[in-house]
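The values are calculated or read from the model by the stated rules, or taken from the named source; none is laboratory data. Remember, it's a predicted structure, so these values are computed and weren't measured experimentally. Here the Cβ positions follow ideal geometry from the backbone for every residue, glycine too, while neighbour counts run over all protein chains shown. We work out accessible area using only protein heavy atoms, side chains counted, and drop any ligands, DNA or RNA first. Shrake-Rupley method; radii C 1.70, N 1.55, O 1.52, S 1.80 Å.
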Amino acid sequence: MNADKTLVSRRFEQALETYEGHAQVQALVADALLRDVQRILPDIHPSSALEIGCCTGLMTEKIVAQHASLTHLAVCDLVSSFQRCIYERSQAQGWQPQVSFLAGDIETLNLPKRYDLILSSSTLHWVHDFPRLTAKLGRHLNPGGVLAISLYGPDNFEEIREITGTGLTYRSITELSDILGQFFQLLLIKERKEQLFFADPLAVLRHLQATGVNGLTKQVWRKGRLSDFAKEYTKRFSTAEGVVLTYHPLYFVATSPEVLHASLSSSVNFKQCSTT
């Protein structure tokens, strides 16, 4: 199932006030992605960067903190309301780089320039044509620039899919690697599974709503269906810690193939890690 982006935008906008209080995994994934960039490429000093899917700015402020060399940071999101969150954060924290907000769908958005660093966390699984977008990002990355993305894989929300029979069409780590490898030199491929535990299945649904990730269907949870869902979820996915919900983040760090930093050719080895 492909995402209805109008619905996705509406659900994330509705979750604007609750997102950060419930986005534990999204914050963890953003931290892990930025740590990977720092570990693999400790000597990069980008002056310009693009963040795709900035949401309320959870990762944006981490990018600013990690890359003091930035003079310009462009952030984009499908939800135009997040512009206020970004600018308020920038003013409150006194960010040094010039920040510009690009509202719209990254698949159709006209990007104004090329960047030294392109990042995206917990976003690109929503796109419809990943190969075409990957080619586009390659055209907007400066020679020797870095692409760092995290998105979710086929086991994401596997409990929800098993019970309801519906879910987003996630690409496998192999498929994504093959696509990215056509346009970039891959430096890191990694996958993990992260699990959250809740008191009951209704708390799972409230979590999805609070983070805006319930944007696949407009179907209303009527009382009977909700009761059946809760019973089945409890039966299949109860643990000593509560009922479980699985996230399946995939991580990729790559560089443009035209020009590699001298430090890369001598010190960076291709790494692949698969951790559950």
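A single member of Ser274, Ser256 is surrounded by 12 or more Cβ atoms within 10 Å (Cβ to Cβ) and either within 27 Å of the chain's Cα centre (by Cα) or at pLDDT below 95 (or both), and it is Ser256. Under 7 Å between Cβ atoms, at least 6 apart or on separate chains: pull out the pairs that start in the stretch 185-209 with a residue that is closer than 28 Å to Thr134 by Cβ and end on any residue that is among the acidic types (Asp, Glu) and part of a loop (DSSP other than H, G, I, E, B). Cβ pairs passing all conditions: Lys193/Asp155.
Residue by residue through the stretch 64-102, note down the ones that are open to solvent by less than 30 Å² (accessible area, probe 1.4 Å), farther than 21 Å from Ser9 by Cα and assigned to a helix (DSSP H, G or I). Val64, Ser90, listed by residue number. Considering the stretch 34-63, the residues that are in a helix (DSSP H, G or I) and out of contact with any Lys or Arg (no Cβ under 9 Å at 6 or more places or on another chain) include one that is surrounded by the most Cβ atoms within 10 Å (Cβ to Cβ), namely Met59. Could you tell me which numbered condition Asp105 fails, if it satisfies all but one of (1) modelled with pLDDT of 95 or more; (2) farther than 25 Å from His128 by Cβ? Every listed condition holds for Asp105 apart from (2).
The residues on offer are Asp155, Asp105, and the sole one that is assigned to a loop (DSSP other than H, G, I, E, B), open to solvent by 40 Å² or more (accessible area, probe 1.4 Å), touching a residue at least 24 places away in the same chain (Cβ under 8 Å) and out of contact with any Cys (no Cβ under 8 Å at 6 or more places or on another chain) is Asp155.
Scan the stretch 219-230 and give yes if some residue there is under 30 Å from Val79 (Cβ atoms), at pLDDT below 95, of a type in the set (S, T, N, Q) and open to solvent by 40 Å² or more (accessible area, probe 1.4 Å), otherwise no. Yes, there is a match, as at least one residue in the stretch 219-230 is under 30 Å from Val79 (Cβ atoms), at pLDDT below 95, of a type in the set (S, T, N, Q) and open to solvent by 40 Å² or more (accessible area, probe 1.4 Å).
Scanning the stretch 178-204 for residues that are over 17 Å from His248 (Cβ atoms) and charged (D, E, K, R) yields Asp178, Asp200.
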